[in-house]
Structures are given as C-alpha cells and as structure tokens.
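Report on the following structure.
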Amino acid sequence: MAIQANEIKWYKSSNVNDTASNGGTLSANECMDGVKNNVWPDVSQSERVAGSVKYRKTFIKVANDDDLALINPCIFVETATPGDDSIVLLLGSQTDTQAQVVGYTRFYGAAALDVDATAGDTILMVNVENGNAATGHAIFRNGDLLRIADKTSVDAVTGNAEFVRLASSNAVAWNGNQATLSLEAGAALANSYLAANTKVASVIEAADIEASVSNWSESSVAGSYDEVAAPLLLDHIGTVEESWTLTFTSASQFDCHGNNLGLVGSGAIGGGAFAPLNPDFNKPYFTLADGSPPWGGSWAAADTLSFTTHPAAVAIWEKRTVPAGANSFSGNKVVVAITGESA
C-alpha cells in the first residue's frame, strides 16, 4: 500500500533549547499536528519589546511499516504567520545543531501574491514579510521550485495548486519587500490566481526519504560478512541515526554497541537474525541476517563489524524572527507542509 498521510509524522530533535546545542538527532518526541506549542513556545512580552531570533529543528519521518520511500519530497511554508513575526525554513542534516545552522544562508518561505495572475503568465509579483527580502532572508533565488496555491489549506479539495520553477538566472528582482519572479523558459501558470487569497512559496526539494546505511567496515583477519548478498534490513519506524559496532567476544558471539545508545544486545553466528529492538517504537533498529552466507571465514574475539544507520526522516530547521516592538497576537501559527510520491 502507498504511504498514507497519517504515516508522515513530525518529531522534535533530541535537544530543544535556545543555545548552541539546540537540535541534534531525531528524538521519539512527536510534534502533534495542530497542538499549541508543538514546536514553538509563546513569545513573552519582554521578547516582543526587545525582539528575538530563535531556531527549532524538526524531523519529518516516514513511519511506513512497509518501509516505502517517500519519493521527490517537496517541503514548504504553506501558511505564513499572521503575527508580526516571520518564519523561514532551512534544510538540516541528521546531526547538526544550532551552532552550525546559524551560519546557513539558504532560506525558504512563503509570500503573498501581489498582483492577480492569469493562466499562461510567466511573471509573478509577490510581497514577502519584513526581513525576507534580498537584504534579509532572500527566500526566492534563481532556479527555485515554487508552489502557488489559492487553497484554504494544503489538503483542501477545492482550489488550485501547482509547482513551477524560476529561471536559472535573473529570475528575481527586488523592490523592498516586493519581488518580481520570472519563470524558466517554457514554463507558465496552468491556473489563474487572485492576489487576495494566493500564497507563493519557495520549496525545499529534499532527497527521497528512506532509511539507509553507510560506512560499512569489517575488521577481521579471516572473517567476512557479505552485505551485498544479505544487505542490512532497516525499519522505517525503528531505525535511528547511530553508528554501530559489533564486537566479537568469541569465534561466534558478539555484542552490539551504539555510539550514543551503548549496549543494545548480543548475538551469535548461527543464533538467528540479529534484530535489536528500539523500545520507543517496538521495532528493530536494524536486522542483520544469519547463516552462511552472509557470514564467512573465521571470526575471532575482538574482531569488529561497524556501520552507520540513518532514519527515514529529513531534518528541517525553522528560524523565527520577532521584530522589536512586535504586537501581541493570540493564536499565532505557521503551517509547514510536505508532498511526495510513493511506490
């Protein structure tokens, strides 16, 4: 069965604070859709008076039990905040923290259509929030993929939405907070849009979202494991970002340690598939096959097999800017959305 909407889940990062350590790896703490403060804390009066810049990292996880990949995912701000603050997106890594992200300069966000557009148009005029122009976050750049929509929500069955791409050069002309956007050669709007209710967003085009393994290494004089004939099996619900080391304690038995999780179990050649359990989701972190092949040769105590697993998730940072003197706004929120295909 194809990936269902309820299998796309948002999770918090392992560290959530306002220091350089903010962010890090995927946690098991889910951000429930539509729940107040699921990502952002309230803005205090002193913060509104002085202004502030804060970051939060979330992970969009494909929790599909058939381990299907989300293909060609597109991530965007579907609805910008109605308050005086503004939020832009940045593409993160599985491990980066605020110490790194403060240096990132590729921002994505949403604007309001400024002039009615007609099907066949190749130029759009939009207005961005304060701070999101060429001198600030510059949310539109040459070659960007755009999402244009007049739907009331990302899941609305009525209204129009389409993706178009900006030209590869001279695509964006700024006049203060107004941007004139030129589409690539041969591209034109398929639908007509009214400025009063149309949003134009720059899109993060992420890699396919699926669990993966890297850095496979065997340290043994005479032992081997055929990871091509019996590839490591990863679980889209249980797999996490972790570097694993299997250390042999005898010719057939081994202990498995994660660089963050420590000892997660012990296994043995001939003892069946090794599948240490992720207790947060009651799913295996990974499954290592047994038998001959894949195990070959003669393993010995102190031999090691190591690899790194990566979850079926993409990391997205949100940067919130509250200008000094911002007004209070009850019920302020931002809507971030993702689309994609599955097999």
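None of the figures in this text is laboratory data; all of them are computed from the coordinates on show. Here the structure is a predicted model, which means the values were calculated and not measured. Please note: Cβ atoms are built from the backbone with ideal geometry, for glycine as well, and neighbour counts cover all protein chains shown.
Table for the structure above
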read-out: Of 60, 269, 204, the one that fluctuates the most in a GNM where the chain has Cα springs shorter than 10 Å; value: 269
read-out: Protection-proxy order for peptides 221-230, 147-156, 7-16, each taking the mean of Cβ atoms within 10 Å per residue, highest first; value: 7-16, 147-156, 221-230
read-out: Backbone HN-Hα couplings from phi across the stretch 156-172 [Karplus 6.51/-1.76/1.60, Hz, Gly and Pro as x]; value: 4, 7, 10, x, 10, 8, 8, 10, 9, 10, 6, 4, 7, 8, 6, 8, 10
read-out: 10 Å beta-carbon shell around residue 325, net charge (K/R +1, D/E -1); value: 0
read-out: Ratio of the Cα radius of gyration of the stretch 1-123 to 2.2 N^0.38 Å, where N counts its residues; value: 1.25
read-out: Within a Gaussian network of the chain (alpha carbon springs, distance under 10 Å), most fluctuating of 178, 253, 94; value: 253
read-out: Burial order of peptide ranges 323-332, 44-53, 71-80, 160-169 (average beta-carbon count within 10 Å, highest first); value: 71-80, 160-169, 44-53, 323-332
read-out: Under the Karplus curve 6.51 cos²θ - 1.76 cosθ + 1.60, θ = phi - 60°, whole-Hz ³J(HN,Hα) for the stretch 108-120, x wherever Gly or Pro sits; value: 10, x, 10, 10, 9, 4, 9, 10, 3, 10, 10, 3, x
read-out: Around residue 260: net Lys/Arg minus Asp/Glu count, Cβ-Cβ under 14 Å; value: -3
read-out: Separation of alpha-carbon centers, the stretch 34-109 and the stretch 303-319, rounded to whole Å; value: 19 Å
read-out: Inverse mean reciprocal Cα-Cα distance (Kirkwood Rh) of the stretch 33-78, Å; value: 14.3 Å
read-out: Percent of Cα pairs exceeding the 17 Å cut-off, where the set is the stretch 212-310; value: 46 percent
read-out: Measure of compaction for the stretch 205-268 (Cα Rg per 2.2 N^0.38 Å); value: 1.28
read-out: 3J(HN,Hα) from dihedral phi, the stretch 92-99, Karplus parametrisation 6.51/-1.76/1.60, rounded to Hz, x for glycine, proline; value: x, 10, 5, 10, 5, 10, 4, 4
read-out: 20 Å binning of all Cα-Cα separations within the chain, expressed as whole percents from 0 upward; value: 27, 48, 21, 3
read-out: Helix-only mean residue ellipticity at 222 nm for the chain, each DSSP H run of n ≥ 4 adding -39500 (n - 2.57), per residue, nearest 500; value: -500 deg cm²/dmol
read-out: Within the chain: Cβ-based charge dipole about Cα centre, in debye rounded to nearest 20 (Lys, Arg +1; Asp, Glu -1); value: 980 debye
read-out: Cα-centred dipole magnitude for the stretch 198-267, charges only on beta-carbon of K, R (+1) and D, E (-1), debye, nearest 20; value: 140 debye
read-out: Ranked list, fewest to most other Cβ atoms within 10 Å of each Cβ, for 102, 213; value: 102, 213
